[in-house]
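The values are calculated or read from the model by the stated rules, or taken from the named source; none is laboratory data. A quick note: this is a predicted structure, and the numbers were derived from the prediction, not measured. Because the Cβ atoms are built from the backbone with ideal geometry, glycine has one as well, and the counts that use them run over all protein chains shown.
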Amino acid sequence: MTSETFTGGCLCGSVRYEIVGSVRTFLHCHCLRCRKSSGTGHASNLIIEPETAKWVAGEDQLASYKVPDADRFRTVFCSSCGSPLPRISPNMSMAVIPAGSLDEEPAAKPVGRIFTASKASWSCNDVELPSWPEYPGP
């Protein structure tokens, strides 16, 4: 895996981040939680192994919400504009970066769609990408 630098921020520009790490995967998730948190048919997330992660600006503007009955699902967003932002979990050696928050298009491309069993009928479909009704593995 090759290390890359990911920079991005929120819509209003209050929050900025820089994460250096290696991409594990890039997935479109169609689960109900991702649909609710993104406000659309799926969330597009890069999952990376972070070497370093820092909030360059606006860390005090971050807000988060953890679904009470979920083991791991949490959203991080700008408290001013509501834009989704990276969820950094050092204890899991993982960062989940909402692709729409990036400044530039990443080199990685989506590799599949997950939780398609709960996909909205009106959501986009890409038959070119592999799809799984749940999460495909560990």
Response to the item:
With the first residue restricted to the stretch 23-49 and required to be over 18 Å from SER131 (Cβ atoms) and at pLDDT below 95, and the second required to be polar (S, T, N, Q) and surrounded by 16 or more Cβ atoms within 10 Å (Cβ to Cβ), Cβ contacts under 6 Å at 6 or more apart or on different chains are SER37/THR75
Practice prompt. For residues that are part of a strand (DSSP E or B) and over 13 Å from the mean Cα position of the chain (by Cα), scanning just the stretch 1-18, find the one that is surrounded by the fewest Cβ atoms within 10 Å (Cβ to Cβ).
Written response: THR5
Fill in: Enumeration of residues in the stretch 47-78 that are hydroxyl-bearing (Ser, Thr, Tyr) and either more than 27 Å from SER121 (Cα to Cα) or surrounded by fewer than 17 Cβ atoms within 10 Å (Cβ to Cβ) (or both)
THR52, SER64, TYR65
Discussion item. Return the residues of the stretch 97-114 that are exposed (fewer than 11 other Cβ atoms within 10 Å of the Cβ) and under 12 Å from THR25 (Cα atoms); say none if nothing qualifies.
Written reply: ALA107, LYS109
Worksheet entry | Residue check, SER44 over 26 Å from SER3 (Cβ atoms) and hydroxyl-bearing (Ser, Thr, Tyr) | no
Worksheet item: Can you find a residue in the stretch 22-32 that is over 27 Å from ASN125 (Cβ atoms), surrounded by 13 or more Cβ atoms within 10 Å (Cβ to Cβ) and aliphatic (A, V, I, L, M)?
Response: no
Worksheet item: Which number in (1) under 13 Å from the mean Cα position of the chain (by Cα); (2) more than 20 Å from LYS119 (Cα to Cα) marks the one condition that CYS29 misses?
Response: (2)
Fill in: Sole exception among (1) touching a helix residue (DSSP H, G or I) at 6+ places or on another chain (Cβ under 6 Å); (2) over 29 Å from VAL127 (Cβ atoms); (3) hydroxyl-bearing (Ser, Thr, Tyr) for SER44, by number
(2)
Response to the item:
Taking the stretch 66-94 and the residues there that are modelled with pLDDT under 95 and aliphatic (A, V, I, L, M), the one that is farthest from HIS42 (Cα to Cα) would be MET92
